[in-house]
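Presented below is the structure to which this report refers.
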Amino acid sequence: MAKDYSKYFIKPSIKDARKRKSQETPVIDFNKHINIKGFGKGRTYKINTYGCQANEADTERIKGILELLNFTESDTLEDADIILLNTCAVRENAENRVFGELGRLKQFKKNNPDLILGVCGCMTQEEKVVERILKSFQYVDLVFGTHNIYKLPEYLETVVLSKEKVIEVFSEEGSIVENIPRVRANTRKAWVNIMYGCDEFCTYCIVPYTRGKERSRNKDDIINEIKELIKEGYKEVTLLGQNVNSYGRDFLDVDYKFAELLKDLNKLPISRIRFTTSHPKDFDLETVKILSQGGNLMPYIHLPVQSGSNEVLKRMNRKYTKESYKEVIDNIYKYIPNVSLTTDIIVGFPGETKEQFEETIDLVKYCGFEGAYTFVYSKRAGTPAEHYPDNTPFEEKKQRLYQLNDIVNEGYLRGNKRFEGKIVKVLVDGTSKHNDEILAGYTENNKLVNFKGNKSLIGEIVEVKVTEAKTWFLKGEQIENSWHSYQRNIKWRCC
Ligand code: 5AD
Ligand code: SF4
C-alpha cells in the first residue's frame, strides 16, 4: 500500500498564512543536530541550484552540512553518490526545468541503484509538487523543504544507512537556525541572510508560502558573521532578505531597524556592503540618507516596481502607488546622485490592459533604471491571483515583454555609457567566460567590467579606466600602481 505522506503537508493557504502572529521566532542551534559525523567518507555529492540568492545561500549550507559529514563534492553528476536539486517555485518554467531534470536523472538511477536522488527548496513546499514526485518520480529517495535543512544529517542517515525513503516538509511559520556550516561559492563575496521569509503576500507570489513568515536575525549574529568573513579575507557582503527594508519589524523587545543595521555595518572594515531585495513601501528616507554616506555602502539599489499602473499595483497588493514609488526614486537620486537603480517588472498580470502596460513603460522611462529583470506573469497555485480573470492572450503578453525589454536594454547601455572614460573600482571575480586572459569583475555600481590583467588580481579590488561601454558590460584598462590603490592598500592593511 502506498505510504501516506499527507501528515507532513499543509496545503498553502492564504487564510492560514495571514493568521500569522507577531510571536517570538524560535532559534535553533544546528550544533545540537549533528551527531553522526563521518559517514559520508568516500562518498560524493552534487547539487543543482535553481532560482534566487536565497537558494544559492541554502545550497552553501547544504554543502556545509554534507562536507561536515565528510562527503566531498563531485565534478560531475555522473560521478556523484548523492544528487540534490535545490528548486525554485517562483515561476512555472523554473518548475518545469526541475521536472525535466528529474526525468533525465531516471537513467542515472538505473545505471547506479545506490545513487541517492533528493529534491529540496521552494518547490517541495507545495503539496501538489510532492504529490507529483511521489506519483511520477518514484525513484526520488529524499524530499525536504526550506525549513528543515538542518535535519539533513538525520535524513541522510535514514536514506543512506537504512535505505528508506524520506519525505519531510514542514509547512510551519519558520524558525531561525544558527551555526549551520557553509561552503561558500566565492572566497571574496559572501551572502549573509539578515532575515528569512516574507509577510507581504503580493497576490502573484508563492514565496510567503514556501519560505514562511518574516523573521529577522539577531543583529549580533549578523555582525559577528560579517566580522568572521572579514577575518577570512572577504571583501564584499550582500545582505539577503525578501524585504530587507522591513528588517527588525518582528522584534518584540528591541527597536532596531534596517537603517540602524546599515549604520553599524558602515563602521566595519569591509570594502563593500550590498543588499537585496528592497520593497518600495518600506524604503524610508533614513535608509536613503545612511546610504548617501557611502563608504562601504555601495551606490547600487535593486528596487522591484512590478508595474507602473496604480490599478495593477493594487491588485498585486504591493501597497504603494506609482506616485509614492517616484517619490522614493526622487529621494534616492537627490541624496545618492551616483546611484545605479535596477528593478523587477511583471507584464501581463491578470487583467492588465494595454493602457496599464503603457503606464509601466512611462514609469520605466521616468525612473532611469540601468537594468531590470522582466517576467511574463506566471500563475502560481495557492496564490490569490490564481483566480483573477485573465483574458490577455499569451502572445500579446510576450509582445509587451519584448517592447519593455527594448526600453530596459536602452537603460543598460545608458547606465554603462556614463562610465566611459571614468576610473572605476573593480572587485575581480575571475577570468572572462570567453577569454582566459581577460579578467572580469564588478564595479561599485554593480557593472560588469572586462579588462586585461594578471590572474593574481583575482579576489582583489583594482582600479580600471573604462574605455568602452557595451550594453551588457564595460571594457577597460587596468591602472597600474595608482595613488588610489596605494591608499586603499595602506588603509585596509592597518585595519
Ligand atoms: N510570475 C512572474 N513573475 C513573478 N515574480 C514573482 N512571482 C511571479 C509570478 N508569479 C517576479 C517578481 C519578483 C521576482 C523575484 O520574480 O518580479 O520581484
Ligand atoms: Fe514575493 Fe512580494 Fe514577498 Fe517579494 S515582497 S517575496 S514579491 S510576496
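Readers should treat all values here as calculations from the given coordinates under stated rules, not as data from a laboratory. Everything quoted here is computed from the prediction, not taken from an experiment. Cβ atoms come from the backbone with ideal geometry, glycine included; neighbour counts cover every protein chain shown.
Can you pull the Rg over Rh of the chain, Cα-only, Kirkwood?
Values: Rg = 23.3 Å, Rh = 24.2 Å.
Reported Rg/Rh (Cα atoms, Kirkwood Rh): 0.96.
Calculate, in nm to one decimal, what Leu285 and Glu73 gain on full extension: separation in residues at 0.36 nm each, minus their alpha carbon distance.
Details: separation 212, 0.36 × 212 = 76.32 nm, distance 4.52 nm.
Fully extending the segment from Leu285 to Glu73 adds 71.8 nm.
Loop-only trypsin sites (Lys or Arg not before Pro) in the range 265-365, please: DSSP not H, G, I, E or B, and at most 11 other Cβ atoms within 10 Å.
For trypsin sites (Lys or Arg not before Pro) across the range 265-365 that sit outside H, G, I, E and B with at most 11 neighbouring Cβ atoms in 10 Å, the list reads Lys267.
Out of the GluC sites (Glu not before Pro) in the range 51-87, which ones are loop residues according to DSSP with at most 13 other C-beta atoms within 10 Å?
In loop regions of the range 51-87 (DSSP not H, G, I, E or B), the sparsely surrounded GluC sites (Glu not before Pro) are Glu78.
Can you list the GluC sites (Glu not before Pro) in the range 220-268 that are in a DSSP coil and have 16 or fewer other beta carbons within 10 angstrom?
For GluC sites (Glu not before Pro) across the range 220-268 that sit outside H, G, I, E and B with at most 16 neighbouring Cβ atoms in 10 Å, the list reads Glu232.
Where the centre of each part is set by its Cα atoms, how far does the range 430-466 sit from the range 141-168, in angstrom?
41
Can you give me the Cα centroid spacing of the range 266-283 and the range 325-391 in angstrom?
Spelled out, the Cα-based centre of one part sits 21 Å from the other.
With 21 Å as the limit, write out which pairs from Lys189/Lys417; Lys219/Lys334; Lys32/Lys231; Lys422/Lys452; Lys289/Lys334; Lys231/Lys475 have Cα-Cα distances beyond it, or answer none.
Checking Cα-Cα distances, Lys189/Lys417; Lys219/Lys334; Lys32/Lys231; Lys231/Lys475 exceed 21 Å.
Answer rounded, prolate or oblate for the range 343-385, using the Cα gyration tensor with square roots of eigenvalues a ≥ b ≥ c: rounded when a/c is under 1.5, else prolate when a/b is larger than b/c, else oblate. Walk me through the numbers on the way to the answer.
Numbers: a/c = 3.33, a/b = 1.60, b/c = 2.09.
Oblate, since a/c reaches 1.5 and b/c is not below a/b.
Based on the alpha-carbon gyration tensor of the range 25-70 and its eigenvalue square roots a ≥ b ≥ c, which shape applies: rounded if a/c is under 1.5, prolate if not and a/b is larger than b/c, or oblate?
Taking the square roots of the gyration eigenvalues as a ≥ b ≥ c, the range 25-70 is oblate.
Taking only the alpha carbons of the range 288-371, what extent do you get along each of the three principal axes, in Å, biggest first?
The Cα atoms of the range 288-371 stretch 44, 22, 17 Å along their principal axes.
Pull up all non-local amide H partners of Tyr300: gap of 5 or more, or a different chain, and H-to-H distance under 5 Å with H placed in the peptide plane.
Result for Tyr300 returns Ser340.
Given labels modelled 7 Å from the Cα in the Cβ direction, how far is it in nm from Arg97 to Lys334?
Once both label points are built, they end up 4.1 nm from each other.
How large is ³J(HN,Hα) for each residue in the range 333-339, as worked out from phi by the Karplus curve 6.51 cos²θ - 1.76 cosθ + 1.60 (θ = phi - 60°), to whole Hz, x for Gly and Pro?
Working through the residues one at a time gives 5, 5, 8, 10, x, 8, 5 Hz.
Which of the listed residues, Gly411, Val464, Thr431, is farthest toward the dipole's positive end in the range 397-464, when Lys, Arg count +1 and Asp, Glu count -1 at the beta-carbon?
Gly411
Run the quick spin-label model on Ser136 and Tyr373: label points 7 Å from Cα toward the beta carbon, then report their separation in nm to one decimal.
2.5
Thinking of the range 172-319 as a set of Cα atoms, what percent of all their pairs are more than 21 Å apart? Please list the in-between numbers first.
Numbers: 5036 of 10878 pairs.
Summing the P(r) tail past 21 Å for the range 172-319 gives 46 percent.
Is the shape of the range 140-218 best called rounded, prolate or oblate, per the rule: a/c under 1.5 gives rounded, else a/b larger than b/c gives prolate, else oblate, with a ≥ b ≥ c the square roots of the Cα gyration tensor eigenvalues?
On the way: a/c = 2.22, a/b = 1.30, b/c = 1.70.
Verdict is oblate for the range 140-218.
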